[in-house]
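Asks: Take this structure, written in structure tokens, and hold onto it; I'll ask about it next.
The values are calculated or read from the model by the stated rules, or taken from the named source; none is laboratory data. Bear in mind that the values here come from a model prediction, so they are computed numbers and not experimental data. Because the Cβ atoms are built from the backbone with ideal geometry, glycine has one as well, and the counts that use them run over all protein chains shown. The area values use the complete protein model at the heavy-atom level, side chains included, leaving out ligands, DNA and RNA. Shrake-Rupley method; radii C 1.70, N 1.55, O 1.52, S 1.80 Å.
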Amino acid sequence: MKRSQTTIFSIVVVLLSAIGVWHFASNRTLETIRSQLEQTAFLAARSVETEIKRFRYLPTIAGEDERVRALLRDPLVPDRIMAANKYLATVANASGASFLYVLNSEGLTLAASNWDQPDTLVGNNYGFRPYFKNAMEEMDGRYYAIGVTTGKPGYFLARRIDPGEGGEAGVVVVKIDLLPLEASW
């Protein structure tokens, strides 16, 4: 009888020890995984922030160009439209931006970097987009969304531009494609 009690006691001690070791090991493993995930998330967030910062200046700089300002002052002159389109295409290509475009005070696209493409943004109205509304109200707007025209996700940075005498305010927008960044992760 005493021997069976000792055996049962030994089995219970071994089982409790095994459970304790398993619990300790699983907690350590979970903590290691949690730490790795936090580090990965931190690095991913920094990568996104860096990519956005790389383009933050673009709407402001493009909005200072006389071709864009002239377009906002008189948006019906074909030469001004073409000059703004070509300028935006050049800047978008040089910077690596997906799109760069100019909206009037109602959100109608007057000129765009993809003016000569089948999926051009020219003529589309983005007045309902939060980045446009925020830029018109607060000077700057930003928004992550699926593109209405392209169906592709992107981060939108917008800046209100006041063209000076004789024109209405407008908004210059840059769309940043974050998919290449995501693919590198």
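Asks: Would you grab the residues whose amide H sits under 5 Å from the one on ASN114? Only those 5+ places off in sequence or on another chain, please, with H modelled 1.01 Å from N.
Replies: It is LEU100, LEU121, by chain and number.
Asks: Find how many whole Å separate the alpha carbon centroid of the range 107-149 from the alpha carbon centroid of the range 57-75.
Replies: What the calculation gives is 15 Å, centre to centre.
Asks: Which of the aspartates and glutamates could a cross-linker span from LYS86 if the Cα-Cα distance has to be under 18 Å and same-chain partners fewer than 8 positions apart are dropped?
Replies: Reachable aspartates and glutamates: GLU64, ASP65, GLU66, ASP74, ASP116, ASP119.
Asks: Right, here's the next one. If each of GLN117 and THR6 carries a label point 7 Å out from its Cα toward its Cβ, how far apart are those two points in nm?
Replies: In this crude label model, GLN117 to THR6 measures out at 8.3 nm.
Asks: Right, here's the next one. Nearest 10 degrees, 0 to 90: what angle lies between the long axis of helix 78-95 and the longest principal axis of the chain (Cα atoms)?
Replies: That works out to roughly 30 degrees.
Asks: Could you sort LYS2, LYS133 by accessible area so the largest value comes first, with the probe set to 1.4 Å?
Replies: My answer, sorted largest first, is LYS2, LYS133.
Asks: Can you give me the orientation-averaged projected area of the convex hull built on the Cα atoms of the chain, in nm²?
Replies: So the Cα hull casts an average projection of 15.4 nm².
Asks: Heavy atoms only, 1.4 Å probe, whole protein assembly: order TYR144, TYR131 by accessible area, highest first.
Replies: TYR144, TYR131
Asks: Would you kindly find the accessible area of ARG73, with a 1.4 Å probe and non-protein molecules such as ligands, DNA and RNA excluded, rounding to the nearest 10 Å²?
Replies: 70
Asks: Then there's this: Using amide H atoms built 1.01 Å from N in the peptide plane, name the residues 5+ places from GLY147, or on other chains, whose amide H lies under 5 Å from its own.
Replies: LYS152, GLY154
Asks: Moving on. Taking 0.36 nm per residue of sequence separation and subtracting the Cα-Cα distance, how much length would be gained by fully extending the chain between LYS53 and ALA18, in nm to one decimal?
Replies: The LYS53-ALA18 span can extend by a further 7.4 nm.
Asks: Round to the nearest 0.05 the FRET efficiency obtained for GLU38 and VAL148 when R0 = 45 Å and r is the Cβ-Cβ distance.
Replies: Here the calculated transfer efficiency is 0.80.
Asks: With all distinct Cα pairs included, what does the Kirkwood hydrodynamic radius of the range 85-185 come out to in Å, to one decimal, could you say?
Replies: 13.6
Asks: Hand me the GluC sites (Glu not before Pro) from the range 67-164 located in a DSSP loop with no more than 16 other Cβ atoms within 10 Å, in residue order please.
Replies: GLU106
Asks: Separate question: Ignoring everything except DSSP H segments at least 4 long, calculate the 222 nm mean residue ellipticity for the chain; use -39,500 (n - 2.57) per segment, divide by total residues, nearest 500.
Replies: Result for the chain, helices only: -18500 deg cm²/dmol.
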